[in-house]
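Chemist: Structure incoming, see below.
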Amino acid sequence: MNKMAGTWIEMCKSDELHEGEMKALEVQDLRVAIYRHDGKVFSTDNVCSHAFALLTDGWLDGHLVECPLHGAQFDITTGEPQNGPATCPIAIYHVEESDGVIRVHLPLG
Ligand code: FES
């Protein structure tokens, strides 16, 4: 399988995502979150792996995003849960920021 299969999608302009902020985007049937932490941009699936809640409705604290529904926390750099009740990781996506634009590599045909 080609690990790079997918599509780079322009998500927003660099100046639309400030330090400590997160943004929700929908691309086809994917719900995607982007975050800026320590000047870098990270991207994950936006749906909590525990039940259904959008992580961008929660809180970003450093490199951890907290689900608004039951408080699970995920590391936005790895997708791994750091605190329950979630036990499964969320998908993370490659991000590229250049020429004032943030692009994310998504598993789309
Ligand atoms: S839905 Fe996110 S912790 Fe339960």
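The values are calculated or read from the model by the stated rules, or taken from the named source; none is laboratory data. Keep in mind the model is a prediction, meaning the values are calculated, not measured. Because the Cβ atoms are built from the backbone with ideal geometry, glycine has one as well, and the counts that use them run over all protein chains shown. The accessibility values were calculated without ligands, DNA or RNA, using every heavy atom of the protein model including side chains. Shrake-Rupley method; radii C 1.70, N 1.55, O 1.52, S 1.80 Å.
Chemist: Applying the selection to the range 86-102, what residues are loosely packed, with under 14 Cβ neighbours inside 10 Å and not in a strand (DSSP E or B)?
Modeler: Within the range 86-102, Thr87, Cys88, His94, Asp99, Gly100 qualify.
Chemist: Checking Val32 against (1) more than 10 Å from the ligand (Cβ to nearest atom); (2) out of contact with any helix residue (DSSP H, G or I) (no Cβ under 8 Å at 6 or more places or on another chain); (3) open to solvent by 40 Å² or more (accessible area, probe 1.4 Å), which single condition isn't satisfied?
Modeler: Going through (1) more than 10 Å from the ligand (Cβ to nearest atom); (2) out of contact with any helix residue (DSSP H, G or I) (no Cβ under 8 Å at 6 or more places or on another chain); (3) open to solvent by 40 Å² or more (accessible area, probe 1.4 Å) one by one, Val32 breaks only (3).
Chemist: Filter the range 50-83 down to the residues that are more than 10 Å from the ligand (Cβ to nearest atom) and part of a loop (DSSP other than H, G, I, E, B), then identify the one that is surrounded by the most Cβ atoms within 10 Å (Cβ to Cβ).
Modeler: Selected residue: Ile76.
Chemist: Is it fair to say Phe42 is among the aromatic types (Phe, Trp, Tyr) and more than 16 Å from the ligand (Cβ to nearest atom)? Lay out the reasoning, then the answer.
Modeler: Working: among the aromatic types (Phe, Trp, Tyr): yes; more than 16 Å from the ligand (Cβ to nearest atom): yes.
Yes, satisfied.
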